[in-house]
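Trainee: First, the structure itself, so that you have it in front of you.
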Amino acid sequence: MNSSPIMDIGSSSRAFRTVVLLGLLAIMVATVMTLSVSAEEGDLQLGQVTYSRYDSDLDGLMDHVEVTADVTNGNETVSKIFTLEVVLSFGNTDVDLQTSGGRLDPLDSTTLTLKVGTDPDMSGGTFLVRAVLHAVYLQGPVMDENETSVELYPLGEYDIDLSSNRSSVDTRENTSVDFSISVSSLSNNPTDVNIILTTTLGWPYQLETNMVSLDPDDEVVVNLRVLVPHNAPPGSIEAFALEAEAVRNATAFSTLNLNVRVALQEFDLALILTSNSVFVASGETVTVSGFVTNRGNNQDNVTLIVDLPQGWTSTFDPPFLMIDRGTTLGFDMHITAPSGLQETGVLEANVSALSKGLVAEDNKVLRVVFNTAELAIDTGNVTVSPKTPTAGDEVTIQATIINAGAIIASGVVVALTSDIGEVARTTLDDLAPGRLGVATLKWTPAPGSHLVRVVVDPDGEIAETDEDNNQISITIMVISPDLSVVPSDIAIDPSYPTESSEATIRIVITNTKQLLAGPFNVLITVDGEVLGTREVASGLVGGDNVTLELLWTATPGRHTFKVEVDPDGDVLEEDRSNNVASRSFSVNARPQAILKASEEEIKTGDEVTLDASDSIDTDGRIRQYFFDYGDGTDSGWTFFATVNHIYAVAGEYEVRLYVRDEAEAQNQEPTIVTIKVTRRDGGEESSPGPAALVALMTLAIVAFALVLHRRDGEDQ
């Protein structure tokens with residue numbers, strides 16, 4: 001009877017122990033699960049993200065974006081460190097970057113506002129704005145992101161310029177004057193420009209428009225017509241002041257001053273004779289035409305006279321000229337030589353145009369040649385056949401000879417001379433006054449360019465009053481091959497190679513003439529050292545070109561490439577001065593990575609700072625950095641030279657640093673720093689993970705339960 005209560009108590013005790021064991025197991029498992037959750041990087045996310053464009057320089061064009069983002073920690077138990085990054089990109093280039101961060105308590109949220117925008121040197125267009133949420137620091141994993149596209153303009157810089165085709169004009173009353181006004185934009189954004197015009201005398205004017213629209217670096221020409229009143233007094237001056245103002249920025253303006261003056265009353269004549277030399281025989285009449293221009297500002301009654309020796313006569317048709325201002329009238333002057341004139345010679349007759357009241361005049365001298373022959377070459381009737389001869393061709397030159405004198409020219413000799421002397425000669429029959437003769441001359445020139453002269457009466461056998469018109473010069477080009485290379489024919493690909501990379505040197509050789517050039521070689525040197533030769537075994541047809549290529553391993557610095565075409569002179573050319581060309585190119589030196597660590601021995605969970613700011617680029621600047629932490633993670637390419645990193649597991653880690661310059665070149669071998677990480681309890685091995693810890697705790701609880709069960713059996 002007394003044993004049952006004991007059995008009941010024992011059963012109750014075992015039940016109680018079981019409950020306690022299960023409770024301990026639940027607490028341990030919960031503890032392990034809590035540890036596991038706290039080690040995760042999840043739960044951070046972006047809530048509502050809004051993008052607002054705004055005009056930071058108040059020019060009416062959007063140039064910045066304000067990003068407002070809600071950041072939420074969805075974890076119920078663990079606080080989270082985060083970094084919000086806002087990037088503004090154009091094409092493949094990040095043009096602005098802003099970051100902000102902090103710590104969020106469990107189930108907490110916050111709202112951040114960041115601004116990014118353009119600068120004056122950018123182009124307007126479509127930009128990409130991205131809000132990127134990172135766990136912990138900027139190099140941490142991306143937890144969430146949001147992006148959109150916006151249209152932006154550059155941050156405004158405005159400047160305009162006014163100019164004119166002329167600043168002042170002298171004119172007459174009752175006329176109009178035109179000015180071409182150039183309105184130029186030196187701004188980086190489009191803008192309208194107001195044009196304001198003021199006058200001093202109030203003369204009427206017509207401005208084509210008082211507002212123009214200008215794109216960046218644009219120019220618009222506006223016409224201004226000034227109407228001079230009919231009663232404007234001589235000497236009066238109307239001053240126009242123009243001011244242009246940029247609508248988008250009222251501080252951008254330019255001014256221009258123009259003047260229109262009514263000229264004082266004046267007389268001015270200009271006399272022109274259609275010929276300054278004439279030939280006449282005894283008793284004959286010769287006619288010379290002329291023109292008189294009234295350059296004054298009044299109508300003028302012009303009288304014409306000519307001074308001649310006694311016995312010579314002259315008449316004018318019309319006898320006088322009534323000429324309005326700014327106009328021209330023509331006349332004919334008839335001169336008659338005395339009958340029975342025996343001698344030959346030249347007289348100089350003074351021809352005059354006299355204004356009304358004899359207050360202005362203009363004079364010209366007319367040479368009158370009498371009783372002589374006068375030979376000349378008709379420059380419009382000289383032919384060369386063939387026009388473009390090749391080596392070995394016979395060239396025929398035909399020249400028309402005229403006797404413009406007053407008597408017969410007998411036995412006219414015509415010679416052809418070149419740079420080597422006289423090469424041909426022929427004789428014409430007698431040439432009567434006013435008659436023509438054709439001289440035919442033949443010659444086989446050597447290749448190249450030749451300056452030849454056709455000379456009439458080369459020995460001076462015929463008496464003339466003017467020997468200056470007895471010859472004409474002609475250039476004859478005998479075609480031959482001409483190989484050419486100029487600096488622009490030398491190129492390198494890529495145009496800005498990186499040291500130790502392979503570049504292609506391209507050379508274009510041209511045969512500028514129309515004859516085939518036989519086989520030839522091309523010698524290429526770099527900085528005076530032979531890089532290589534290329535043979536053009538098939539030659540090069542006229543007017544064609546050939547492209548040659550060589551490979552070159554780039555070395556740092558600036559290098560001069562020299563190309564010599566046909567250095568052995570295998571091709572007979574007309575001109576060898578264009579067979580050599582040089583061009584220089586620069587090679588980008590690779591950047592040098594330098595890495596320092598704040599500490600080289602740390603404990604698990606401690607933060608180490610990695611600093612690459614001492615990295616250098618000898619011919620530019622470091623653009624981006626890449627940190628490989630050695631634990632299977634890295635920073636990715638980043639603009640930041642300093643990063644922080646935490647190692648969770650003990651061990652030795654080799655941190656590798658790569659850097660990249662603005663030409664996308666990077667160091668070939670990484671710089672390495674070794675970080676030793678030890679456990680906080682002094683051990684060097686990594687601590688068991690959450691799953692292993694759960695397994696160990698479970699085994700311990702099971703063992704403890706078996707011991708209790710055994711004791712319970714013994715109690716029974």
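Trainee: Give the residues of segment 650-681 that are surrounded by fewer than 14 Cβ atoms within 10 Å (Cβ to Cβ), over 26 Å from Ser495 (Cβ atoms) and not acidic (Asp, Glu), sorted by residue number.
Mentor: Scanning segment 650-681 gives Ile672, Thr674, Arg680.
Trainee: Which fully enclosed strands (runs of 3 or more DSSP E) of segment 339-400 have 1 or more residues being of a type in the set (Lys, Arg)? Let's see the steps before the verdict.
Mentor: On the way: elements: 345-354, 361-370, 375-385.
Correct list: 361-370.
Trainee: Being crowded, with 17+ Cβ neighbours inside 10 Å and modelled with pLDDT under 95 narrows it down to one of Leu24, Leu44, so name that one. If you could, list the steps in order and put the result at the bottom.
Mentor: On the way: Leu24 fails: crowded, with 17+ Cβ neighbours inside 10 Å.
Answer to the check: Leu44.
Trainee: Out of (1) at negative phi; (2) in contact (Cβ under 8 Å) with a residue 24 or more places away in the chain; (3) out of contact with any Gly (no Cβ under 8 Å at 6 or more places or on another chain), the odd one out for Gly125 is which?
Mentor: (1)
Trainee: Conditions: (1) modelled with pLDDT of 90 or more; (2) small (Gly, Ala, Ser); (3) not assigned by TED's automatic domain parsing to the domain that holds Val129. Ser89 meets all but one. Number of the miss?
Mentor: In the conditions (1) modelled with pLDDT of 90 or more; (2) small (Gly, Ala, Ser); (3) not assigned by TED's automatic domain parsing to the domain that holds Val129, Ser89 misses (3) alone.
Trainee: Just for segment 526-562: of the residues that are in contact with an Asp or Glu (Cβ under 8 Å, 6 or more places away or on another chain), among the hydrophobic types (A, V, I, L, M, F, W, C) and surrounded by 13 or more Cβ atoms within 10 Å (Cβ to Cβ), which one is nearest to Ile509 (Cα to Cα)? So that I can check it myself, show each step before the final result.
Mentor: Here is the first cut: in segment 526-562, the ones in contact with an Asp or Glu (Cβ under 8 Å, 6 or more places away or on another chain) are 551-556, 559-560.
With among the hydrophobic types (A, V, I, L, M, F, W, C) added as a condition, the list becomes 551-552, 554.
From what is left, the residues that are surrounded by 13 or more Cβ atoms within 10 Å (Cβ to Cβ) are 552, 554.
Values: Trp552: 19, Ala554: 23 Å.
Among residues in segment 526-562 that are in contact with an Asp or Glu (Cβ under 8 Å, 6 or more places away or on another chain), among the hydrophobic types (A, V, I, L, M, F, W, C) and surrounded by 13 or more Cβ atoms within 10 Å (Cβ to Cβ), the one nearest to Ile509 (Cα to Cα) is Trp552.
Trainee: On to the next question. Listed residues Ile402, Ile407; which is within 30 Å of Gln342 (Cβ to Cβ), modelled with pLDDT under 90 and surrounded by 14 or more Cβ atoms within 10 Å (Cβ to Cβ)?
Mentor: On the way: Ile402 fails: modelled with pLDDT under 90.
Step by step, each of Ile402, Ile407 is checked, and only Ile407 is within 30 Å of Gln342 (Cβ to Cβ), modelled with pLDDT under 90 and surrounded by 14 or more Cβ atoms within 10 Å (Cβ to Cβ).
Trainee: Out of curiosity, is Ser100 surrounded by 15 or more Cβ atoms within 10 Å (Cβ to Cβ), in a strand (DSSP E or B) and without any contact (Cβ under 8 Å) to a residue 24 or more places away in the chain? Walk me through how you get there before you give the answer.
Mentor: Values: surrounded by 15 or more Cβ atoms within 10 Å (Cβ to Cβ): yes; in a strand (DSSP E or B): yes; without any contact (Cβ under 8 Å) to a residue 24 or more places away in the chain: yes.
So Ser100 passes the test.
Trainee: Condition test on Thr547, is it of a type in the set (Ser, Thr, Tyr) and in a strand (DSSP E or B)? Talk me through it step by step, then tell me what you get.
Mentor: Details: of a type in the set (Ser, Thr, Tyr): yes; in a strand (DSSP E or B): yes.
Criteria met by Thr547.
Trainee: While we're looking at this one, here's another question. Inside segment 236-255, can you point out the residues that are assigned to a loop (DSSP other than H, G, I, E, B), among the small types (Gly, Ala, Ser) and under 34 Å from the mean Cα position of the chain (by Cα)?
Mentor: From segment 236-255, those assigned to a loop (DSSP other than H, G, I, E, B) are 236, 247-252; that's our starting set.
Still in the running and among the small types (Gly, Ala, Ser): 236, 250, 252.
If the condition is that a residue be assigned to a loop (DSSP other than H, G, I, E, B), among the small types (Gly, Ala, Ser) and under 34 Å from the mean Cα position of the chain (by Cα), then Ala250, Ala252 are the ones that fit.
Trainee: Can Thr198 be described as in a strand (DSSP E or B), of a type in the set (Ser, Thr, Tyr) and not assigned by TED's automatic domain parsing to the domain that holds Ser254? Steps first, please.
Mentor: Details: in a strand (DSSP E or B): yes; of a type in the set (Ser, Thr, Tyr): yes; not assigned by TED's automatic domain parsing to the domain that holds Ser254: no.
So Thr198 does not fit the description; no.
Trainee: Scan Pro487, Pro494 and give me the residue that is touching a Lys or Arg at 6+ places or on another chain (Cβ under 9 Å) and either more than 30 Å from Gly405 (Cα to Cα) or not assigned by TED's automatic domain parsing to the domain that holds Ala406 (or both). Steps first, please.
Mentor: On the way: Pro494 fails: touching a Lys or Arg at 6+ places or on another chain (Cβ under 9 Å).
Going through Pro487, Pro494 in turn, just one is touching a Lys or Arg at 6+ places or on another chain (Cβ under 9 Å) and either more than 30 Å from Gly405 (Cα to Cα) or not assigned by TED's automatic domain parsing to the domain that holds Ala406 (or both): Pro487.
Here is a yes/no grid of residues against (1) assigned by TED's automatic domain parsing to the domain that holds Asn469; (2) over 20 Å from Asp466 (Cα atoms); (3) touching a residue at least 40 places away in the same chain (Cβ under 8 Å):
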site	(1), (2), (3)
Val384	yes, yes, yes
Thr388	yes, yes, yes
Asp393	yes, yes, yes
Ile407	yes, no, yes
Asp419	yes, yes, no
Glu422	yes, yes, no
Pro433	yes, no, yes
Val438	yes, yes, yes
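Trainee: Of Leu264, Leu321, Leu258, which residue is assigned to a strand (DSSP E or B), under 57 Å from the mean Cα position of the chain (by Cα) and under 30 Å from Asn174 (Cα atoms)? Give the derivation first.
Mentor: Values: Leu264 fails: assigned to a strand (DSSP E or B); Leu321 fails: under 57 Å from the mean Cα position of the chain (by Cα).
Step by step, each of Leu264, Leu321, Leu258 is checked, and only Leu258 is assigned to a strand (DSSP E or B), under 57 Å from the mean Cα position of the chain (by Cα) and under 30 Å from Asn174 (Cα atoms).
This table checks each residue for (1) assigned by TED's automatic domain parsing to the domain that holds Leu58; (2) surrounded by 13 or more Cβ atoms within 10 Å (Cβ to Cβ); (3) part of a strand (DSSP E or B).
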site: Thr148; (1), (2), (3): yes, yes, yes
site: Val169; (1), (2), (3): no, yes, yes
site: Val220; (1), (2), (3): no, yes, yes
site: Pro233; (1), (2), (3): no, no, no
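Trainee: Another one. So, in segment 271-286, how many residues would count as being in a strand (DSSP E or B) and surrounded by 14 or more Cβ atoms within 10 Å (Cβ to Cβ)?
Mentor: Step one: filter segment 271-286 for residues in a strand (DSSP E or B), giving 271-273, 277-280, 285-286.
Within this subset, residues satisfying the condition of being surrounded by 14 or more Cβ atoms within 10 Å (Cβ to Cβ) are 271-273, 277-280, 286.
Count: 8.
Trainee: Go through Ile472, Ile490 for me and flag whichever is within 30 Å of Ser410 (Cβ to Cβ), in contact (Cβ under 8 Å) with a residue 40 or more places away in the chain and in contact with a strand residue (DSSP E or B) (Cβ under 8 Å, 6 or more places away or on another chain).
Mentor: Answer to the selection: Ile472.
Trainee: When you scan segment 332-353, how many residues do you find that are under 60 Å from the mean Cα position of the chain (by Cα) and crowded, with 20+ Cβ neighbours inside 10 Å?
Mentor: Looking only at that region, the number is 2.
The values are calculated or read from the model by the stated rules, or taken from the named source; none is laboratory data. What you are looking at is a predicted structure, and each value in this text was computed from that prediction instead of being measured. Every residue, glycine as well, gets a Cβ built from its backbone with ideal geometry; the counts of neighbours run over all protein chains shown.
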